[in-house]
Amino acid sequence: MSAASKAERAAANRRRYEELRAAGQELKQLPAPTALDGAPIAADAVVQTEQVPPGWHTTVRLSRGEALRIIDDHGRSSVSLLAWRSEDPTERINCADTVKVQWSAALSKGRMILSDMGRVLLAVIEDTSGAHDLLVGGSTADSTLSAYGEVTRNTQANFISAAAKIGLGLRDIPPCVTFFAPVTTDAAGRFVWHAARKHAGDFVDLRAEMNLIVAVSNCAHPLDPARPAATAPITLIRHRLPPPAVDDVCRTASEEAVRAYAFTDQLFA
Amino acid sequence: MPSTDPGHLVYGFDIPAERPWSRVLKRGQTLRIIDSEGEQAVDALIYAAADTAERYSAQDTLRVQGSAYLELGTRLISNRGRVMARITADTCGRHDTSAGCCSCESNAVRFGEATRYLHACRENFILELSRHGLTKRDIVSNLNFFMNVPIEPTGNFTVLDGPSSPGNYVDVTAEMDLLFVISNCPQVNNPCNGFDPTPIRVEIRETAAA
Ligand SMILES: [Zn+2]
């Protein structure tokens, strides 16, 4: 390629990148958070309910179109989550792509959680909190040892156990998302914990966009200064949803969302 | 503390633009990654040579350091909580570990279907890992040397222009025997490579005993 055409290609790519960034960061299409008493689930839509004690984990299978409500009943829990595609668990949650593709490390109502294959695993269809962590991850033996002086039940061990019970291993455990973990970065890149952004009864509804195996760990987030008192049960409600409307906010929030959904829908066409 | 003695050179190789590379780095050896022409992102994955199920963990590394960027002195932590390596020299000052690597699939979502058939880091990683009996399952969040990805307090997350100048380098000193895998990023759709991927150089030195 000649120097002139190389420079032209670079200039065109830069223009497109800047246009995409402007579109991606305007955010005006994203809805307000769900009210704490909003989005009730009809009794006949509930498939399964489970309380997970502090320190513990569970595994939930979701069919495409079903949703998982995760409730921080007491406002003291953080909930780490991994998800694998049922038919091919090599396809799994990818926090880096989730952040990069949506131009934001802030997960909230209207956003999607992506797989490593450019497809949507989960859509955040309801969210009272908007304070979740995609960067720091869950607790580990080391993080609890340095916080409490002992190794306690922790998310890393929970995920190893959860993965093993479905025939997966350490190689299948990527970075996780943690809900109700209000972490941001300051101007210097240091992590900041915002305790005031946690409320009793906070919940998220995650709609499965493919058939999934979801592992959930109820352990204090390693940056939560309220530990180890920050331990309380959480509630999980697997429930059925009506089919998404054509103007469904998660499907239409951005050009990136439209494309990711088109690739996801091809799996089921 | 890191030695300023660069040690004696035992290996050197120029990785062409867009290509992968891997090599076992012995405990105590230092890998110098040199951005030969500047503005070039270098994606890297690290595995314990003795057991590749143990590998670099971006989230554990960020948690331990309390900060979103990699810099001089950063300990690179494994998914078993062990220190795999340290950053012992750095003339660039900006490195990322949150943005992952480019793939054909994420390119198609980010930049449109027309970019699906552009060579991407994940293709490089899959090919290079296949030489070591590893697969796509083994690809976790990687390091992005010389990549500037500021994360704003609002969460806004943008890959900015490649911040490195010609000859900038970063030294990574192994604390255990490591399989070090690099993709010299072929991305031409964002500014991490100045829209023009270029060669990098890797050098391995025996570091004087600390
Ligand atoms: Zn790349």
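The values are calculated or read from the model by the stated rules, or taken from the named source; none is laboratory data. Keep in mind it's a predicted model, so treat the numbers as computed, not measured. All Cβ positions, even for glycine, are placed from backbone atoms using ideal geometry, and neighbour counts span all protein chains on display.
Yes/no per residue for (1) of a type in the set (A, V, I, L, M); (2) facing chain A (nearest Cβ under 10 Å):
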site: B:Leu72; (1), (2): yes, no
site: B:Leu76; (1), (2): yes, no
site: B:Ile87; (1), (2): yes, no
site: B:Asp90; (1), (2): no, no
site: B:Ser98; (1), (2): no, yes
site: B:Ser106; (1), (2): no, yes
site: B:Val109; (1), (2): yes, yes
site: B:Glu113; (1), (2): no, yes
Pairs only if they're at least six apart or on different chains, beta carbon under 9 angstrom, first in segment B:41-69 and over 27 Å from B:Gln187 (Cα atoms) and within 11 Å of chain A (Cβ to nearest Cβ), second surrounded by 24 or more Cβ atoms within 10 Å (Cβ to Cβ) and aromatic (Phe, Trp, Tyr); list them, first residue then second.
-> B:Ala53/B:Tyr47; B:Glu54/B:Tyr47
A:Thr152 surrounded by fewer than 24 Cβ atoms within 10 Å (Cβ to Cβ), modelled with pLDDT under 95 and among the polar types (S, T, N, Q) | yes
Taking segment B:79-109, which residues are within 12 Å of the ligand (Cβ to nearest atom) and assigned to a helix (DSSP H, G or I)?
-> B:Cys104, B:Ser106, B:Asn107
In segment A:127-153, how many residues are in a loop (DSSP other than H, G, I, E, B) and either within 25 Å of A:Ser115 (Cβ to Cβ) or of a type in the set (Phe, Trp, Tyr) (or both)?
-> 11
Taking segment A:249-261 and the residues there that are surrounded by fewer than 18 Cβ atoms within 10 Å (Cβ to Cβ) and in contact (Cβ under 8 Å) with a residue 40 or more places away in the chain, the one that is farthest from the other protein chains (Cβ to nearest Cβ) would be A:Thr252
Every residue from segment A:87-110 that is small (Gly, Ala, Ser) and facing another protein chain (nearest Cβ under 8 Å) = A:Ala96, A:Ser104, A:Ala105, A:Ala106
Being in contact with a Ser or Thr (Cβ under 7 Å, 6 or more places away or on another chain), at pLDDT 95 or above and outside any strand (DSSP E or B) is the filter here, so list the residues in segment A:223-269 that pass it.
-> A:Val258
Would you kindly identify the strands (runs of 3 or more DSSP E) lying entirely within segment A:1-106 that contain at least 3 residues that are modelled with pLDDT of 95 or more, among the hydrophobic types (A, V, I, L, M, F, W, C) and under 24 Å from B:Val109 (Cα atoms)?
-> A:79-85
Only one of (1) within 16 Å of the ligand (Cβ to nearest atom); (2) of a type in the set (S, T, N, Q); (3) surrounded by fewer than 23 Cβ atoms within 10 Å (Cβ to Cβ); (4) facing chain A (nearest Cβ under 8 Å) does not apply to B:Asn156, and that is (1)
Return yes when B:Phe125 is outside any loop (DSSP other than H, G, I, E, B) and either in contact with a Pro (Cβ under 7 Å, 6 or more places away or on another chain) or within 14 Å of the ligand (Cβ to nearest atom) (or both) and no when it is not.
-> yes
Is there a residue in segment A:221-243 that is in contact with a helix residue (DSSP H, G or I) (Cβ under 7 Å, 6 or more places away or on another chain), under 30 Å from A:Pro40 (Cα atoms) and within 14 Å of another protein chain (Cβ to nearest Cβ)?
-> no
Check A:Val151, A:Val192 and return the single one that is over 15 Å from A:Ala105 (Cβ atoms), among the β-branched types (Val, Ile, Thr) and free of Cβ contacts under 8 Å to residues at least 12 places away in the same chain.
-> A:Val151
Only one of (1) surrounded by fewer than 23 Cβ atoms within 10 Å (Cβ to Cβ); (2) of a type outside the set (Phe, Trp, Tyr); (3) part of a loop (DSSP other than H, G, I, E, B); (4) over 14 Å from the mean Cα position of the chain (by Cα) does not apply to B:Ala114, and that is (3)
